[in-house]
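Chemist: Below is one structure. I have some questions about it.
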Amino acid sequence: MQRNIVCFIACLLLSLSACTKADTTPKKDINVVAGEKSPAPDISVVSIANGSTLKLSDLKGKVVLLNFWATWCPPCRQEIPSMMKLNSAMTGKPFQMVAVSIDEGGKPALDLFFKESGFILPAYLDPSGASVKLYGITGVPESFIIDKQGVLIKKVIGGFAWDSPEAISFLEGLMK
(Lines give C-alpha, C1' and ligand atoms only; values in the text may rest on other atoms or scores of the structure.)
Protein backbone atom coordinates (compact mmCIF):
# COMPACT_ATOMS: atom_id res chain seq x y z
CA MET A 1 0.00 0.00 0.00
CA GLN A 2 2.77 2.45 0.95
CA ARG A 3 4.60 1.59 -2.24
CA ASN A 4 1.49 2.47 -4.28
CA ILE A 5 1.18 5.81 -2.50
CA VAL A 6 4.86 6.60 -3.12
CA CYS A 7 4.49 5.67 -6.82
CA PHE A 8 1.34 7.80 -7.11
CA ILE A 9 3.05 10.81 -5.55
CA ALA A 10 6.12 10.38 -7.76
CA CYS A 11 3.93 10.20 -10.88
CA LEU A 12 1.96 13.24 -9.80
CA LEU A 13 5.12 15.26 -9.22
CA LEU A 14 6.52 14.23 -12.59
CA SER A 15 3.33 15.19 -14.41
CA LEU A 16 3.12 18.56 -12.69
CA SER A 17 6.76 19.35 -13.38
CA ALA A 18 6.00 19.25 -17.12
CA CYS A 19 3.83 22.32 -16.73
CA THR A 20 5.80 25.56 -16.93
CA LYS A 21 5.87 27.01 -13.43
CA ALA A 22 8.64 29.57 -13.42
CA ASP A 23 6.65 32.57 -14.63
CA THR A 24 2.93 32.11 -15.14
CA THR A 25 2.36 35.75 -16.07
CA PRO A 26 1.40 35.87 -19.75
CA LYS A 27 4.12 37.46 -21.85
CA LYS A 28 3.36 40.27 -24.26
CA ASP A 29 6.51 40.20 -26.42
CA ILE A 30 6.04 37.91 -29.43
CA ASN A 31 9.80 37.33 -29.69
CA VAL A 32 9.90 35.00 -26.70
CA VAL A 33 11.89 32.22 -28.35
CA ALA A 34 13.13 32.37 -31.95
CA GLY A 35 11.86 29.76 -34.36
CA GLU A 36 14.02 27.51 -36.44
CA LYS A 37 12.89 28.77 -39.87
CA SER A 38 12.48 25.16 -40.97
CA PRO A 39 9.50 23.26 -42.38
CA ALA A 40 7.01 22.46 -39.63
CA PRO A 41 6.74 18.72 -38.98
CA ASP A 42 3.50 17.38 -40.43
CA ILE A 43 1.13 15.94 -37.87
CA SER A 44 -2.38 14.49 -37.87
CA VAL A 45 -4.71 15.30 -34.99
CA VAL A 46 -8.36 14.54 -34.24
CA SER A 47 -10.93 17.25 -33.53
CA ILE A 48 -12.82 16.82 -30.27
CA ALA A 49 -15.72 18.76 -31.82
CA ASN A 50 -16.53 16.32 -34.61
CA GLY A 51 -13.92 13.55 -34.66
CA SER A 52 -12.50 14.62 -38.03
CA THR A 53 -8.79 14.29 -38.71
CA LEU A 54 -6.80 17.44 -39.39
CA LYS A 55 -3.45 17.20 -41.13
CA LEU A 56 -1.15 20.19 -40.58
CA SER A 57 0.05 20.06 -44.18
CA ASP A 58 -3.55 20.67 -45.32
CA LEU A 59 -3.39 24.12 -43.70
CA LYS A 60 -0.84 25.58 -46.14
CA GLY A 61 -2.04 29.03 -47.14
CA LYS A 62 -2.98 29.80 -43.52
CA VAL A 63 -0.97 31.06 -40.58
CA VAL A 64 -1.21 28.40 -37.87
CA LEU A 65 -0.95 28.73 -34.11
CA LEU A 66 -0.13 25.21 -32.93
CA ASN A 67 -0.49 25.05 -29.16
CA PHE A 68 0.26 22.10 -26.88
CA TRP A 69 -1.59 22.30 -23.57
CA ALA A 70 -3.27 20.35 -20.77
CA THR A 71 -6.34 20.90 -18.63
CA TRP A 72 -4.34 20.43 -15.40
CA CYS A 73 -1.73 23.07 -16.32
CA PRO A 74 -2.25 26.48 -14.59
CA PRO A 75 -0.35 28.54 -17.23
CA CYS A 76 -2.36 26.77 -19.96
CA ARG A 77 -5.62 27.68 -18.27
CA GLN A 78 -4.40 31.24 -17.81
CA GLU A 79 -3.65 31.72 -21.52
CA ILE A 80 -6.89 30.16 -22.84
CA PRO A 81 -8.99 33.37 -22.61
CA SER A 82 -6.39 35.24 -24.70
CA MET A 83 -6.40 32.37 -27.22
CA MET A 84 -10.18 32.57 -27.42
CA LYS A 85 -9.99 36.33 -28.08
CA LEU A 86 -7.29 35.82 -30.71
CA ASN A 87 -9.31 33.13 -32.46
CA SER A 88 -12.33 35.43 -32.52
CA ALA A 89 -10.24 38.36 -33.84
CA MET A 90 -8.94 36.15 -36.66
CA THR A 91 -12.35 35.01 -37.90
CA GLY A 92 -12.48 35.24 -41.70
CA LYS A 93 -8.70 35.60 -42.03
CA PRO A 94 -6.23 32.96 -43.30
CA PHE A 95 -5.57 31.72 -39.77
CA GLN A 96 -6.06 28.40 -37.97
CA MET A 97 -5.62 27.67 -34.29
CA VAL A 98 -4.79 24.07 -33.43
CA ALA A 99 -4.81 23.46 -29.67
CA VAL A 100 -3.51 19.92 -29.06
CA SER A 101 -4.28 18.54 -25.62
CA ILE A 102 -1.80 16.15 -24.03
CA ASP A 103 -4.34 15.04 -21.41
CA GLU A 104 -4.46 11.30 -20.86
CA GLY A 105 -8.22 11.35 -20.25
CA GLY A 106 -8.91 11.95 -23.95
CA LYS A 107 -12.14 13.42 -25.27
CA PRO A 108 -14.21 12.80 -22.10
CA ALA A 109 -11.70 14.78 -20.00
CA LEU A 110 -11.70 17.66 -22.49
CA ASP A 111 -15.48 17.70 -22.82
CA LEU A 112 -15.80 17.93 -19.04
CA PHE A 113 -13.13 20.64 -18.83
CA PHE A 114 -14.80 22.81 -21.47
CA LYS A 115 -18.26 22.26 -19.94
CA GLU A 116 -17.07 23.24 -16.44
CA SER A 117 -14.82 26.14 -17.50
CA GLY A 118 -16.96 27.67 -20.24
CA PHE A 119 -13.83 27.91 -22.40
CA ILE A 120 -14.06 27.24 -26.13
CA LEU A 121 -11.03 26.31 -28.23
CA PRO A 122 -10.51 24.46 -31.50
CA ALA A 123 -9.16 21.51 -29.51
CA TYR A 124 -7.57 18.38 -30.88
CA LEU A 125 -6.13 15.11 -29.63
CA ASP A 126 -3.22 13.11 -30.92
CA PRO A 127 -3.97 9.54 -29.86
CA SER A 128 -0.64 8.32 -31.25
CA GLY A 129 1.43 10.91 -29.35
CA ALA A 130 3.53 11.50 -32.48
CA SER A 131 3.05 15.28 -32.49
CA VAL A 132 4.60 15.69 -29.04
CA LYS A 133 7.66 13.77 -30.20
CA LEU A 134 7.95 15.53 -33.57
CA TYR A 135 7.81 18.96 -31.93
CA GLY A 136 10.05 18.00 -29.01
CA ILE A 137 7.59 19.19 -26.38
CA THR A 138 9.27 19.50 -22.98
CA GLY A 139 6.33 20.93 -21.04
CA VAL A 140 3.11 22.84 -21.52
CA PRO A 141 2.12 25.26 -22.75
CA GLU A 142 4.36 25.32 -25.79
CA SER A 143 3.23 27.03 -28.98
CA PHE A 144 4.49 27.20 -32.53
CA ILE A 145 3.69 29.82 -35.13
CA ILE A 146 3.74 28.42 -38.65
CA ASP A 147 3.59 30.68 -41.72
CA LYS A 148 1.43 30.22 -44.82
CA GLN A 149 4.15 28.16 -46.53
CA GLY A 150 4.31 25.68 -43.64
CA VAL A 151 7.55 27.06 -42.16
CA LEU A 152 8.01 27.15 -38.41
CA ILE A 153 8.58 30.82 -37.54
CA LYS A 154 8.46 31.03 -33.74
CA LYS A 155 8.40 28.75 -30.73
CA VAL A 156 6.87 30.21 -27.58
CA ILE A 157 7.47 28.42 -24.29
CA GLY A 158 5.10 29.16 -21.42
CA GLY A 159 1.91 31.14 -21.14
CA PHE A 160 1.43 34.02 -23.56
CA ALA A 161 -0.99 36.92 -24.08
CA TRP A 162 -2.15 35.87 -27.55
CA ASP A 163 -4.65 38.72 -27.78
CA SER A 164 -2.04 41.45 -27.27
CA PRO A 165 -1.78 44.04 -30.06
CA GLU A 166 1.82 42.90 -30.69
CA ALA A 167 0.81 39.27 -31.15
CA ILE A 168 -2.12 40.12 -33.43
CA SER A 169 0.03 42.47 -35.49
CA PHE A 170 2.76 39.85 -35.83
CA LEU A 171 0.30 37.17 -36.97
CA GLU A 172 -1.46 39.52 -39.39
CA GLY A 173 1.94 40.44 -40.85
CA LEU A 174 2.51 36.77 -41.64
CA MET A 175 -0.83 36.66 -43.49
CA LYS A 176 0.28 39.19 -46.13
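Chemist: Could you give me the residue pairs with C-beta distances under 8 Å whose first residue belongs to the stretch 156-176 and is touching a residue at least 40 places away in the same chain (Cβ under 8 Å) and more than 12 Å from residue 145 (Cα to Cα), whose second residue is of a type in the set (Ser, Thr, Tyr) and part of a helix (DSSP H, G or I) wherever it lies, and which are 6+ apart or on separate chains?
Modeler: 160/82; 161/82; 163/82; 164/82
Chemist: While we're here: Select, from 148, 154, the only residue that is part of a loop (DSSP other than H, G, I, E, B) and either out of contact with any Lys or Arg (no Cβ under 9 Å at 6 or more places or on another chain) or of a type in the set (Lys, Arg) (or both).
Modeler: Working: 154 fails: part of a loop (DSSP other than H, G, I, E, B).
The conditions single out 148.
Chemist: Further, regarding this structure: Test residue 91 against the criterion of being free of Cβ contacts under 8 Å to residues at least 60 places away in the same chain, more than 29 Å from residue 169 (Cβ to Cβ) and among the hydroxyl-bearing types (Ser, Thr, Tyr), and give yes or no.
Modeler: Details: free of Cβ contacts under 8 Å to residues at least 60 places away in the same chain: yes; more than 29 Å from residue 169 (Cβ to Cβ): no; among the hydroxyl-bearing types (Ser, Thr, Tyr): yes.
In short, no.
Chemist: If you don't mind, another one. Could you run through the stretch 46-87 and say how many residues are small (Gly, Ala, Ser) and within 20 Å of residue 136 (Cα to Cα)?
Modeler: First, the residues of the stretch 46-87 that are small (Gly, Ala, Ser): 47, 49, 51-52, 57, 61, 70, 82.
The next check asks that each one be within 20 Å of residue 136 (Cα to Cα); those that pass are 57, 70.
Qualifying residue count for the region: 2.
Chemist: Moving on. So which of 120, 146 ends up being touching a residue at least 12 places away in the same chain (Cβ under 8 Å), among the aliphatic types (A, V, I, L, M) and buried (at least 17 other Cβ atoms within 10 Å of the Cβ)?
Modeler: Testing whether each residue is touching a residue at least 12 places away in the same chain (Cβ under 8 Å), among the aliphatic types (A, V, I, L, M) and buried (at least 17 other Cβ atoms within 10 Å of the Cβ) leaves just 146.
Yes or no, residue by residue, for (1) at pLDDT 95 or above; (2) hydroxyl-bearing (Ser, Thr, Tyr); (3) assigned to a loop (DSSP other than H, G, I, E, B); (4) within 19 Å of residue 38 (Cα to Cα):
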| residue | (1), (2), (3), (4) |
| --- | --- |
| 86 | yes, no, no, no |
| 111 | yes, no, no, no |
| 116 | yes, no, no, no |
| 127 | no, no, yes, no |
| 144 | yes, no, no, yes |
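Chemist: In the stretch 75-101, what residues are of a type outside the set (Gly, Ala, Ser) and over 17 Å from the mean Cα position of the chain (by Cα)? Don't jump to the end; show me each part of the working.
Modeler: Of the stretch 75-101, the ones of a type outside the set (Gly, Ala, Ser) are 75-81, 83-87, 90-91, 93-98, 100.
Scanning the stretch 75-101 gives 91, 93, 94.
Chemist: Quick one: how many residues across the stretch 96-119 are of a type in the set (Phe, Trp, Tyr) and out of contact with any Leu (no Cβ under 8 Å at 6 or more places or on another chain)? Please lay out each step first, then the result.
Modeler: Filtering the stretch 96-119 for residues of a type in the set (Phe, Trp, Tyr) gives 113-114, 119.
Of the ones still in play, those that are also out of contact with any Leu (no Cβ under 8 Å at 6 or more places or on another chain) are 113, 119.
Going through the stretch 96-119 one residue at a time, the tally reaches 2.
Chemist: May I ask you to list the residues in the stretch 45-80 that are in a loop (DSSP other than H, G, I, E, B) and either closer than 20 Å to residue 109 by Cα or touching a Leu at 6+ places or on another chain (Cβ under 7 Å) (or both)? Outline the logic, then answer.
Modeler: Taking the stretch 45-80 as the starting set, the residues that turn out to be in a loop (DSSP other than H, G, I, E, B) are 48-52, 60-62, 70-73.
Passing the criteria: 48, 49, 50, 51, 52, 70, 71, 72, 73.
Chemist: Follow-up. Among 18, 70, 22, which is the only one that is of a type in the set (A, V, I, L, M), at pLDDT 95 or above and under 19 Å from residue 159 (Cβ atoms)?
Modeler: Only one candidate passes the filter, namely 70.
Chemist: Turning to a different aspect of this structure: Any idea which residue in the stretch 102-116 is farthest from the chain's Cα centre (by Cα), counting only those that are under 16 Å from residue 73 (Cα atoms) and either of a type in the set (Val, Ile, Thr) or exposed (fewer than 12 other Cβ atoms within 10 Å of the Cβ) (or both)?
Modeler: 116
Chemist: Of all residues in the stretch 157-176, which are assigned to a loop (DSSP other than H, G, I, E, B), modelled with pLDDT of 95 or more and more than 16 Å from the chain's Cα centre (by Cα)? Write out each step before concluding.
Modeler: Initially, the stretch 157-176 is screened for residues assigned to a loop (DSSP other than H, G, I, E, B), giving 158-159, 161-164, 176.
Next, only the ones that are modelled with pLDDT of 95 or more stay: 158-159, 161-164.
Of everything in the stretch 157-176, just one residue is assigned to a loop (DSSP other than H, G, I, E, B), modelled with pLDDT of 95 or more and more than 16 Å from the chain's Cα centre (by Cα), namely 164.
The values are calculated or read from the model by the stated rules, or taken from the named source; none is laboratory data. For clarity, every value in this text was computed on a predicted model and none was experimentally measured. Positions of Cβ are generated from backbone atoms using ideal geometry, with glycine treated the same way; all protein chains shown enter the neighbour counts.
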